[in-house]
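Reviewing the structure listed below.
Throughout, read-outs are computed from the coordinates displayed, never taken from laboratory work. Source: prediction; values computed, not measured. Don't worry about glycine lacking a Cβ; one is built from the backbone with ideal geometry, like all the others, and counts go over all protein chains shown.
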Amino acid sequence: MYHTYTTILIPMLIAFASTVITIRFLMPYMSGAGVYATDYNKKTRPKLPSGMGIAMSFGFAIGILAYIFGASFSLYLPVVPITDLFAAVVALLLISLVGFIDDINVRQSLTKTTGMMDTRVGLKQWQKPILTLIGAVPLIAINAGVSIIDIPFIGIVNIGILYPLIVIPLAVIFAANSFNLLGGFNGISTLSGFIVSMAMLIYSILYGSATGALLSGILVSILFAFSFYDGYPAKIIPGDSYTYAVGAALVITMILGSMESFGVIVFMPWIIELILHLKGKFNVTDLGKLQNDGTFKPPYGKRIFSWTHIIMNFKRSKEMDVTLTMGIITFVFVILGFALKIFGLL
């Protein structure tokens, strides 16, 4: 067991280094290519390089390939199915490509989007779930996961072929798009994603999932790398290619790591976020109205369409306050997931 989990350390380090190098390469490149986003949470409204999902998916792919390299050259006995790993890489690259298409639609003049004026237009709402569906194809092709699942508060259910053909596509579409809804503040998606991926890493080690440990470990290292650039004050706006990819990576790890029940609980913040955005017919933003003292007022008054609106209604918050509070909320659901598992409710 010790040997099994030490083999993930080198892929984690390689994924971290690859991500940092790629981000540093992309920052001037994207700026020069005109792929940027405006940081509306600053008075100066700086334009920062975007489209950083490429760095996320590249780091993930290199980390996975590092593990496969060691297995192929008999440096250690592989305990993770290689087919699953290739499917995960292809799925993430496809999802990131969809997000990048969303990121590069930058216009010189401001255009009305999701309740605000922005230079980034992006894909139409109905196009996003359709295009993100392609990310599920590699998982369907290998018949990923198991058809017998333990649904929280319901019990064990065998759904047979419906799992790869229906559940997996819906899960990928939902995870990628819902995670994308909550990313308007510096570091908010990186911090919350890091907390969930770290929780999955601990869960995988405790309950013996080598696949889950490898995938979540690599994801932890990538998000840690992003924290140096996406944290307040941000040097980049990661973009939809990043949030789509992180959401997809989380659900892929849950499926291949056989921790769907735990995953539903820790992913609950984004399930709630999706419901809140649905109330506003997705024509809403999670951003606030910047005040002279650096705090934010909720954009729709007492009307709630996002976790960030709840936070801003609770107290006048600065940008870092919103991010840290969302991190605490995510951590609460992680604790809930472990508690339900410990008491045999998952």
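Largest GNM mean-square fluctuation among Ile236, Ile329, Ile95, using the chain with Cα springs under 10 Å: Ile329.
I need the per residue convex hull volume for the chain, using only the alpha carbons, in cubic angstrom as a whole number.
Working: hull volume 44.0 nm³, N = 346.
Convex hull volume per residue, Cα atoms: 127 Å³.
Dipole magnitude of the chain about its Cα centre, charges +1 at Lys/Arg Cβ and -1 at Asp/Glu Cβ only, in debye to the nearest 20? In debye, rounded to 20, the chain gives about 1220.
Note on Ile310 and Lys279: the model spin-label points, each 7 Å out from Cα along the C-beta direction, lie 1.0 nm apart.
Comparing Leu219, Gly51, Leu75 along the charge dipole axis of the stretch 2-342, the residue lying farthest to the positive side is Gly51, per the Cβ-charge model. Relative to the current alpha-carbon distance between Ser227 and Ile271, full extension at 0.36 nm per residue lengthens the span by 13.5 nm. Between Asn143 and Ser72, what is the label-point separation in nm under the 7 Å Cα-to-beta-carbon projection? Once both label points are built, they end up 2.6 nm from each other. The angle separating the long axis of helix 240-256 from the principal Cα axis of greatest extent in the chain is about 30 degrees. For Phe58, Phe282, the sequence from fewest to most other C-beta atoms within 10 Å is Phe282, Phe58. Karplus-based coupling profile of the stretch 211-220, in residue order and whole Hz: 4, x, 5, 5, 5, 5, x, 5, 5, 4, with θ = phi - 60° in 6.51 cos²θ - 1.76 cosθ + 1.60 and x standing for Gly or Pro. For the chain, modelled as a GNM whose springs connect Cα atoms under 10 angstrom apart, the maximal fluctuation among Thr243, Thr38, Thr308 occurs at Thr38. Using a cutoff of 8 angstrom between alpha carbon atoms and counting only pairs six or more residues apart, the relative contact order for the stretch 2-342 works out to 22 percent. Calculated mean residue ellipticity, 222 nm, the chain: -19000 deg cm²/dmol, from DSSP H runs (n ≥ 4) at -39500 (n - 2.57) each, averaged per residue and rounded to 500.
Note on the stretch 236-309 and the stretch 74-103: Cα centroid distance 24 Å, given to the nearest whole angstrom. Contact order for the stretch 235-346, expressed relative to its length and based on alpha carbon pairs under 8 Å spaced 6+ residues apart, stands at 25 percent.
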